C-alpha cells in the first residue's frame, strides 16, 4: 500500500498564534500515524514561487492522509491556523515502486 503525503507551503502571519495550531494538530497527527519529513528549515526556491514555509508530512497510507485532514480534530486545529496563516496544501499518494 502506498503511503500518503501532505505537502504544504505556508505563509505564517502571526508566529505566536501559529504555535497554538501546531499544539492542536499534534493529537490528530499521532492518531493517524503522521511523521514530519520536512518542517520549515533551509530551502532554495529554484523554479516558480513558494510561500516561506514548506512542510511535508508522511502518513502510513493515502487514505490515512485524507482521513486525518477530514477528521473533526484536524478541522478544529485548522480553525486556529486559518486566521493567522495562508497556505497551499496538497494531499498526494506516494509512489510504490
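The values are calculated or read from the model by the stated rules, or taken from the named source; none is laboratory data. Bear in mind the structure is a predicted one, so any value in this text is a computation, not a measurement. Note: ideal-geometry Cβ built from the backbone for every residue, glycine included; neighbour counts use all protein chains shown.
Among the residues of the range 3-25, the one identified as exposed (fewer than 14 other Cβ atoms within 10 Å of the Cβ) and either part of a strand (DSSP E or B) or touching a helix residue (DSSP H, G or I) at 6+ places or on another chain (Cβ under 8 Å) (or both) is 11.
Of all the criteria given as (1) touching a strand residue (DSSP E or B) at 6+ places or on another chain (Cβ under 8 Å); (2) loosely packed, with under 14 Cβ neighbours inside 10 Å; (3) part of a loop (DSSP other than H, G, I, E, B); (4) modelled with pLDDT of 95 or more, the one not satisfied by residue 36 is (3). The set of residues from the range 82-97 being in contact (Cβ under 8 Å) with a residue 40 or more places away in the chain and farther than 15 Å from residue 51 by Cα comprises 83, 91, 92, 93, 94, 95, 96.
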